[in-house]
Amino acid sequence: MTDSSTRDFYDSLAPDYHRIFADWDASMARQAAALGALVGPGPHRVLDCSCGIGTQAIGLALAGHRVVGSDLSPVAAARAAAEASARGALVPTAAADMRQLPFASAVFDVVVCADNSLAHLLTAPDVAASLAGMRRVLRDGGLLLLTLRDYDAIRRTRPDATPAQVSEGPDGRVITFQLWHWHEDGERYDQEYFQLVPADEGWAVRVRRTTSWALTRARLTEFVTGAGFVDVRWHDPASSGFYQPVLTARASG
């Protein structure tokens, strides 16, 4: 999967991304509360380096943090800034590859990379480059916060699909689900991302495709420590309140 195809995937999805959630604003608030508890009292200077349309960035900004967003998709990044403004928050955004973050060194207290975004990097050098960049823009002692799917469990069963999610929009119900096609290596998988939206007397079907790397906790921990982080900890959804496992670590120094 090339960088351009990943960008195209999220450029295409950006206008519909909120349809994943039954109530996007409520989800923003829940996620900000869960992540905020890990970030600690602030305000902190936060970079969300995979901000998408702003699900985590907006919630953290509304909680009082000084948040900057970046994303590979310029369409998603632009929508994040606009959605933040519509809710009375300031979230400057930039279109940027997380392997080449366009920010000065040591300017952030916290770097967030949520929603399984790191899994779109399909090689060890790419993952290492992104984590090195996150370390560079963090001050010494700053907090790294990553969230990924529970790939330790997923790789044991290698599911073919995700459960369908139903959200209510102004035009009616929207159904979202994914089909997964595993590579022979047992680690990477192609995703077909389906959204069924009401249209005339039936449904319009929108399909987007991308690829992810199912990184285990042990492997990601190795990458994170190799990039210059210490005090690596994993937080399960039951304890954190966040919908995915969360890794936290501190920038050494």
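D71 fulfils the conditions (1) in contact (Cβ under 8 Å) with a residue 40 or more places away in the chain; (2) within 18 Å of the chain's Cα centre (by Cα); (3) under 27 Å from V230 (Cβ atoms) except for a single criterion, (3). Which residue out of V68, V75, V110 is in contact with a helix residue (DSSP H, G or I) (Cβ under 9 Å, 6 or more places away or on another chain), crowded, with 24+ Cβ neighbours inside 10 Å and either of a type in the set (S, T, Y) or modelled with pLDDT of 95 or more (or both)? Going through V68, V75, V110 in turn, just one is in contact with a helix residue (DSSP H, G or I) (Cβ under 9 Å, 6 or more places away or on another chain), crowded, with 24+ Cβ neighbours inside 10 Å and either of a type in the set (S, T, Y) or modelled with pLDDT of 95 or more (or both): V110. Restricting L196, L220, L215 to those that are surrounded by 15 or more Cβ atoms within 10 Å (Cβ to Cβ), at pLDDT below 95 and either in contact with a Phe, Trp or Tyr (Cβ under 8 Å, 6 or more places away or on another chain) or over 22 Å from T55 (Cα atoms) (or both) reduces the list to L196. Just one of (1) small (G, A, S); (2) out of contact with any strand residue (DSSP E or B) (no Cβ under 6 Å at 6 or more places or on another chain); (3) assigned by TED's automatic domain parsing to the domain that holds I53 fails for G142. It is (2).
Does any residue of segment 178-190 turn out to be closer than 18 Å to L148 by Cα and either assigned by TED's automatic domain parsing to the domain that holds N116 or surrounded by fewer than 13 Cβ atoms within 10 Å (Cβ to Cβ) (or both)? Yes: segment 178-190 contains one or more residues that are closer than 18 Å to L148 by Cα and either assigned by TED's automatic domain parsing to the domain that holds N116 or surrounded by fewer than 13 Cβ atoms within 10 Å (Cβ to Cβ) (or both). Restricting attention to segment 112-119, does a residue exist that is acidic (D, E) and in contact with a strand residue (DSSP E or B) (Cβ under 8 Å, 6 or more places away or on another chain)? Scanning segment 112-119, I find at least one residue that is acidic (D, E) and in contact with a strand residue (DSSP E or B) (Cβ under 8 Å, 6 or more places away or on another chain), so the answer is yes.
Restricting attention to segment 6-21, does a residue exist that is among the polar types (S, T, N, Q) and touching a strand residue (DSSP E or B) at 6+ places or on another chain (Cβ under 7 Å)?
Filtering segment 6-21 down to residues among the polar types (S, T, N, Q) leaves 6, 12.
Cutting the leftovers down to touching a strand residue (DSSP E or B) at 6+ places or on another chain (Cβ under 7 Å) gives us 6, 12.
Checked against the condition, which is being among the polar types (S, T, N, Q) and touching a strand residue (DSSP E or B) at 6+ places or on another chain (Cβ under 7 Å), segment 6-21 yields at least one hit.
Inside segment 161-176, can you point out the residues that are assigned to a strand (DSSP E or B) and either at pLDDT below 95 or over 25 Å from L148 (Cβ atoms) (or both)?
Restricting attention to segment 161-176, the residues satisfying the condition of being assigned to a strand (DSSP E or B) are 161, 165-169, 172-176.
Scanning segment 161-176 gives Q165, V166, S167, E168, G169, G172, R173, V174, I175, T176.
Per-residue answers, yes or no, for (1) within 18 Å of the chain's Cα centre (by Cα); (2) farther than 24 Å from R250 by Cα:
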{"site": "A114", "(1), (2)": "yes, no"}
{"site": "R135", "(1), (2)": "yes, no"}
{"site": "G142", "(1), (2)": "no, no"}
{"site": "R158", "(1), (2)": "no, yes"}
{"site": "P163", "(1), (2)": "no, yes"}
{"site": "V166", "(1), (2)": "no, yes"}
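When the residues of segment 207-242 are filtered to those that are touching a strand residue (DSSP E or B) at 6+ places or on another chain (Cβ under 8 Å) and part of a helix (DSSP H, G or I), the one that is farthest from D115 (Cα to Cα) is T225. Scanning segment 200-236 for residues that are closer than 22 Å to D126 by Cβ, among the basic types (K, R) and in contact (Cβ under 8 Å) with a residue 40 or more places away in the chain returns R208, R209, R217.
The values are calculated or read from the model by the stated rules, or taken from the named source; none is laboratory data. Quantities reported herein were computed from a predicted structural model and do not represent experimental measurements. All Cβ positions, even for glycine, are placed from backbone atoms using ideal geometry, and neighbour counts span all protein chains on display.
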